[in-house]
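Notes to accompany the following structure.
Read the figures in this text as sums done on the coordinates, not as results from a lab. The structure presented is a predicted model; accordingly, all values stated were derived computationally and were not measured. Because the Cβ atoms are built from the backbone with ideal geometry, glycine has one as well, and the counts that use them run over all protein chains shown.
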Amino acid sequence: MELGERLFFEPRLSPSGKVLCATCHVPYRGWQDGRARAFGLAEADRNTQSLLNVRYQRWFGWDGAGDSLWAQSVRPMLDLREMGGSQAQAAALVRGDAELACRFEKVFGTPPPAADEAVLAGIGKALAAFQETLVSGRSPFDDFRDALSRGDFSSMKKYPEAAQRGLRIFVGRGNCSSCHVGPAFSNGEFHDTGVPFFIKGGADAGRHGGIRKLEANPFNLLGAYNDDRSGVSAIKTRQVDLQHRNFGEFKVPSLRNVAQTAPYMHNGSLATLAGVVRHYSEIDPDRLHSDGEALLKPLRLTTAESADLVAFLESLTETASALAPRRPSAACR
Ligand code: HEC
Ligand code: HEC
């Protein structure tokens, strides 16, 4: 975990010495950057995802191109627009830095190996261990839900009435909870919600491209670096099946702390929660896939109903962080 934390805040992972994981996953901004599209060495095509509760995800990235948290953590180091590094350069950093090499040996039981690819897998796994500690705190909605299940009506009253009305739309007429479901408000799957996916020079293929990248990635769970030799953890990866409908599908984002993570959608194209609610309220069914997306119909919400739905979404944001303050760790010996 400490090795991963150091690497997360390590500018030398990028050869420019200027871009670190925390450049885009900013701790005090809900572990994202507040930009429409990420900017490392250049502007990328997608919005930076928050890392809170990332340990509970099944697929990683907006397109699910990662099947493990550690494989997903390798991606930005090699992306030319993000950190612009290489396998050889990241491995040389860990081998050549006494502190990092010492911690690597403590975690993995061997000094950084000679094969660059193996060191990179180790870096990814250490980064994953750190990110697994990033979880969100309790929100007003959690207090309300618990009060409801205890039948504690006086505590329930602390939850704003607007949010209660918004909740009714969310689970009722809005049908939002058919995709935004469970503790993180995501079914972990991929859907088309009619967000345009044109990018400079083409289209963002979403899940369709994600599956291709997943299959080609030497760090996927079918590859040599999966520590689970039983093969059980790789079953879902083996079963992935590319379909035409995956084109333009993106991962259902968690809605925890959503008030802190504007702008929204895979391309950051919607600036506010009110804008997202308007998108769903006025959705154009012709822009959606003909199969599957019968889940989304234009809701034609009134101004008051829209405000209620926004109040509900805002109530999913933690009132206090669940994370311990960062403390510098003692030198490794
Ligand atoms: C230039 C900005 C930038 C940097 C630097 C960056 N990221 Fe990201 N991160 C993103 C973007 C954009 C996405 C969405 C990527 C996608 O959909 O393909 C993302 C997605 C992720 C995800 C997936 C989250 C999820 O819910 O699926 C993880 C994990 C992650 N990053 C970890 C890291 C780590 C670890 C580092 C440092 C090694 C890092 N990132 C550096 C911009 C960045
Ligand atoms: C068919 C599944 C589905 C349904 C139903 C659905 N969503 Fe979504 N939601 C998604 C997907 C997929 C995205 C990401 C789309 C993209 O980035 O292109 C998303 C994105 C969002 C976001 C942006 C979060 C972020 O971090 O960018 C919010 C907020 C949201 N939805 C709220 C709602 C509300 C409110 C409703 C009900 C009116 C709803 N959703 C109904 C699948 C769904």
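Structural remarks
- Dipole magnitude for segment 98-180: computed about the Cα centre from +1 point charges on Lys and Arg Cβ and -1 point charges on Asp and Glu Cβ, it is near 620 debye.
- The simple Förster model, with R0 at 25 Å and r as the Cβ-Cβ distance, assigns Leu323 and Arg35 a FRET efficiency of 0.65.
- Between Ala224 and Ala304, residue separation times 0.36 nm minus the direct Cα-Cα distance comes to 23.3 nm.
- Counting only cysteine Cβ atoms and a cutoff under 4.7 Å, the chain contains unmatched residues Cys21, Cys24, Cys176, Cys179.
- Values of log10 I(q)/I(0), in the order q = 0.14, 0.15, 0.20 Å⁻¹, for segment 99-211 under a Debye, Cα-only, solvent-free model: -0.88, -0.91, -1.10
- Helical mean residue ellipticity (222 nm; -39500 (n - 2.57) per DSSP H run of 4+; nearest 500) of the chain: -10500 deg cm²/dmol
- Its convex hull of Cα atoms gives segment 178-297 a direction-averaged projected area, equal to a quarter of the hull surface, of 9.3 nm².
- Here the Kirkwood formula, the inverse mean of 1/r across different C-alpha pairs, assigns the chain a hydrodynamic radius of 21.3 Å.
- Long-range tail of P(r) for segment 186-236 (Cα pairs > 16 Å, %): 58
- With q set to 0.13 Å⁻¹, the log10 of I(q)/I(0) for segment 1-115, from the Debye formula over equal scatterers at the Cα positions, is -0.52.
- Set Lys200/Lys297; Lys200/Lys251; Lys18/Lys200; Lys18/Lys213; Lys158/Lys236 screened for pairs whose C-alpha atoms are more than 32 Å apart: Lys158/Lys236
- Each label was represented as a point 7 Å from its Cα along the Cα-to-Cβ direction; for Ser154 and Thr110 these points are 6.3 nm apart.
- Relative contact order %, segment 136-242, counting alpha carbon pairs below 8 Å whose residues are six or more apart: 11
- Charge dipole magnitude, Cβ of K and R +1, D and E -1 - segment 181-285, Cα centre, debye nearest 20: 180
- Here the Gaussian network model covers the chain, with springs between Cα atoms less than 10 Å apart; of Lys297, Lys200, Lys213, Lys200 fluctuates the most.
- Eligible lysines near Lys125 by straight Cα distance, threshold 16 Å, same-chain separation 8 or greater: Lys106
- Contact order relative to length of the chain, as percent, for alpha carbon pairs under 8 angstrom and 6 or more apart: 23
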